[in-house]
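Read the figures in this text as sums done on the coordinates, not as results from a lab. Model, not experiment: these values are computed from the prediction. Ideal geometry is used to build each Cβ from the backbone, glycine not excepted, and the neighbour counts take in all protein chains shown.
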Amino acid sequence: MAARRSWADIPADLVAEIARHVPCLEDRVRAARACRTWLRGVLTNPCPLQLPWLLLPYQNAAALPPYATRRASFFCVLCNRAHRLAVPHYTEGARFFGAYPGGWLFLAYGQSCGHGLINLRTHESLYLPDDIIRPVGDGLARQYPMFIRAATLSAPPATFEGCVAAAIITVLTPQCFFGPSHITVWRMGSHVASASCTFGLDAEDVIHHNGAFHFLTRHGDLLICRPEFQDEAPLGRLQVREEFREMLGRVLNAGARYLVECRGELLMVLRVQPHQEATWSFRVFRMMQEQVSDADGIDADHARYGWTELPALDGRMLFVGRGCSRSFEAAHFPGSQEGVYFLDDGSFHAAPMICFGDEPRQYGCCNNGVWSGPPDHAHHWFPLQRPSTYSSPVWFLH
């Protein structure tokens, strides 16, 4: 009988070559645990750039005994399979509503309250406001509860200095579910969202681009908010300069709209979802600027902006999600395809269910996948995935 051979017997140069062709971070971690030879092989080949993972909620948030390990399912696009990884125990039943690079997730522990940020790498936890101060006239203001639909940041939140958050929210008043969504901006560390921007905007998405927050309306227009403050000023003191851009070439009919920065440009991605059924395809537009001419020539202080449709994806990989869209180049990921990668975020418009829904809530989890451009239709991942009682899927940004 032949002697049993060890993984350590594989030549080091062959191990290093194999490790070079293992792109998935979790696969590399497991390979490094095999033995010292594999550990050296993995370490000699720096981990390649990672694509976002899809955090796919379970049907129910199972109650676990104290100190038990809670795990979640993360789908990796690079290796085309799901990994079950440990997450903080206290995330049980939380609603996820966004992500930020570096392992951060936005979540609401109480569905419509208890907003916060957690880092799945370090298990660091930060709080976000549950209330907003809103003017009521005659120089007076009143504090209202709110719930956050989508959010993003101006900088990594590890330290509050210089970090500003922006969010699309619903203000919890008796009339809140019959009007448009609202937007707000605040400095991280504030206990209330005190810098209220234009109300009634009915925003669909938000992104931090070129030093300012850009809110996209359901008609394709933009509201640009530039926070202004001094570092030594109180956290609640924040001024916001606003600029509204009524965009040319607006496209009115869309299942959802997203903003994503790609190759230094701002793109708008439209989701084609007839009759709120499964996603069919996407359309991608680039923001264009043209100078306005007057009688004396070109007016440098004014410009017109509009959307122009891209004829092809041209190697782009666009991962879209409200507040957390990211772009990558297919050429940097051998074996990957260009396309629009999407997730099931239909609950964005389900404010009554999130706040007052009878148990069990029903968050859709089956409308995820990739669309690789015309004339193809979207390819769906997990089309039979049952609804979750606590959250929709969300991207995890490494």
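Listed values, structure above:
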{"quantity": "Whole-Å semi-axes of the stretch 49-396's equivalent ellipsoid (Cα gyration tensor)", "calculated": "30, 28, 19"}
{"quantity": "Distance cut-off 16 Å, percentage of C-alpha pairs in the stretch 49-147 lying past it", "calculated": "64"}
{"quantity": "Cα shape, the stretch 118-168, gyration tensor, a/c 1.5 rule", "calculated": "prolate"}
{"quantity": "Farthest positive-ward along the chain dipole, Cα basis, beta-carbon charges - from N119, Y67, P101", "calculated": "Y67"}
{"quantity": "For C262, residues with placed amide H under 5 Å, excluding near neighbours", "calculated": "L267"}
{"quantity": "Computed [θ] at 222 nm, deg cm²/dmol, the chain (DSSP H ≥ 4; -39,500 (n - 2.57); rounded to nearest 500)", "calculated": "-2000 deg cm²/dmol"}
